[in-house]
1. Using alpha-carbon pairs under 8 Å, 6+ residues apart, how would you state the relative contact order of the stretch 55-145 in percent?
2. Roughly what angle does helix 2-29 make with the longest principal axis of the chain, taking Cα atoms, 0 to 90 degrees, to the nearest 10?
3. How do 66-73, 102-109, 164-171 rank on mean C-beta neighbours within 10 Å, highest first?
4. In Å, the Kirkwood hydrodynamic radius of the chain over pairs of distinct alpha carbons?
5. In degrees between 0 and 90, to the nearest 10, how far off the longest principal axis of the chain does helix 50-90 point, with axes built from Cα atoms?
6. As I understand it, the dipole of the chain uses +1 on the Cβ of Lys and Arg and -1 on the Cβ of Asp and Glu, about the Cα centre. Which of Ala156, Ser83, Ile125 lies farthest toward its positive end?
7. Placing +1 at every Lys and Arg Cβ and -1 at every Asp and Glu Cβ, with all other atoms neutral, what dipole size does the chain have around its Cα centre, in debye to the nearest 20?
8. Classify the stretch 120-171 as rounded, prolate or oblate, taking a ≥ b ≥ c as the square roots of the eigenvalues of its Cα gyration tensor: rounded when a/c is under 1.5, otherwise prolate if a/b is larger than b/c and oblate if not.
Amino acid sequence: MKKKYRILLIILLAAAILTAGVFAVGDALSVPGSEEDPLITLSYLNEVFAEYVTELFRKDLDSHTEALQTALEERVTALEESSREARNTADWQEVTAEKGTVLTLSLGTEVILRSGSVSVQSGTISDTTDALEQKAGAELEKNHLCLASAETKLNAAEASALLIRGGHQIG
């Protein structure tokens, strides 16, 4: 009988060792993240996750693109308006000034006296034809190109005709 128990004990011991071995090998094969048991399969990455990331990227890119496009359109509109204003002041304008009229010229404004009599009331103006600087009290010469070197006020001593290119105010 002792022999029977001994054989049974050996069989149980062998079964326990075998069972422990099978579990040990199984655990070794199914280690999370190992090649045999990856956390995420390559097919999942290629099919599902890549599309998800691509869609997020597209949405983010679209929102940035829209913001940049809006900013660019606003800038283009501002530049077009500025260009339109510059073109308007870049053209020569015929101006008739009655006796006693005061003309205020912005910096860089060009003026040519065609007829009449106009004098510098305040500021300075450069007579580029004679290379002279005209100060307060000086009269402009007819058909001379003059350039306002600062904000300058001109006074019409009699009815006068002028050509003006640049920023100016009458009155």
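1. Computed over the stretch 55-145, the figure is 20 percent.
2. The helix 2-29 is inclined about 10 degrees to the chain.
3. Ranking, from highest mean packing down: 102-109, 164-171, 66-73.
4. Values: mean 1/r = 0.0413 Å⁻¹.
For the chain, inverting the mean 1/r across all distinct Cα pairs yields 24.2 Å.
5. That helix lies at roughly 0 degrees to the long axis.
6. It is Ser83.
7. Computed about the Cα centre, the dipole is about 1360 debye.
8. rounded
A short reminder: the numbers here are calculations on the coordinates, not readings from a lab. Since this is a predicted model, take the numbers as computed values, not measurements. Please note: Cβ atoms are built from the backbone with ideal geometry, for glycine as well, and neighbour counts cover all protein chains shown.
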